[in-house]
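Below you'll find the structure, written out as structure tokens, and then a few comments.
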């Protein structure tokens with residue numbers, strides 16, 4: 001009787017295996033063993049790589065500037081208020097500035113060579129730091145705001161008719177200004193020396 005029963009179960013298992021060759025018959029029926037089938041542990045999923053910055057508008061200048069910072073200064077990022085400057089800066093060539101609103105960074109080039117990079121603080125919620133192509137229109141080492149309670153704006157460099165400007169100020173690590181581009185004070189002073197009226201500015205973000 002036992003032999004007959006075993007044979008019947010074996011035939012049923014064989015039929016199932018024939019119908020589905022990938023099935024584990026022993027795992028389904030436990031025909032000849034009371035032990036549980038081995039469960040294969042799945043391999044951990046690979047971690048996603050760095051995601052692209054979600055720019056609203058870019059000409060590719062800001063992403064390239066970050067790559068240049070990594071190559072030139074061996075820095076992936078900077079802490080709030082931190083900046084880097086080259087020890088040697090070309091004496092010839094035009095200076096231009098690239099601002100990245102998404103990463104809150106500014107990059108300074110002289111003759112197409114990156115010579116400095118700095119954290120910044122731009123327009124807080126409800127205010128605007130405008131995207132686009134600009135140029136330095138006016139410069140003053142000592143200046144005070146005509147719109148916001150006579151606030152100090154050292155090393156001011158205005159770039160539009162509304163009053164948006166680079167200047168030294170608080171860098172808390174997030175957008176906190178009325179629209180201006182705040183720089184660490186020492187970097188603002190150095191940038192002031194590198195630019196002139198007419199120096200080009202690109203703001204992406």
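Please work out the C-alpha center-to-center distance from segment 68-99 to segment 170-189 and express it in whole Å.
Each part's Cα centre sits 16 Å from the other's.
Could you line up 136, 108, 84 from fewest to most neighbouring Cβ atoms inside 10 Å?
84, 136, 108
Can you report the principal axis dimensions of segment 61-204 using only the alpha carbons, biggest first, rounded to whole angstrom?
41, 29, 26
Quick check: convex hull over the Cα atoms of segment 125-177, volume per residue in Å³, rounded to an integer?
In segment 125-177, the Cα hull volume divided by residue count equals 97 Å³.
Could you tell me which of rounded, prolate or oblate describes segment 151-193, using a ≥ b ≥ c as the square roots of the eigenvalues of the alpha-carbon gyration tensor, with rounded for a/c under 1.5 and, failing that, prolate when a/b is larger than b/c and oblate otherwise?
Judged from the Cα gyration tensor, segment 151-193 comes out oblate (a/c at least 1.5, b/c at or above a/b).
So for 91, 119, fewest C-beta neighbours within 10 Å to most, what's the order?
Values: 91 7, 119 22.
Sorted ascending by nearby Cβ count, the order is 91, 119.
Calculate the FRET efficiency for residue 142 and residue 196 from the Cβ-Cβ distance with a Förster distance of 22 Å, rounded to the nearest 0.05.
Taking R0 as 22 Å, the efficiency between residue 142 and residue 196 is 0.75.
How long are the semi-axes of the ellipsoid equivalent to segment 102-144, from square roots of 5 times the Cα gyration tensor eigenvalues, in whole Å, largest first?
After diagonalising the Cα gyration tensor, the semi-axes are 20, 17, 12 Å.
Each reported figure results from applying straightforward, stated rules to the coordinates on display, with no laboratory input. Please read all numbers here as calculations on a predicted model, not as lab measurements. Every residue, glycine as well, gets a Cβ built from its backbone with ideal geometry; the counts of neighbours run over all protein chains shown.
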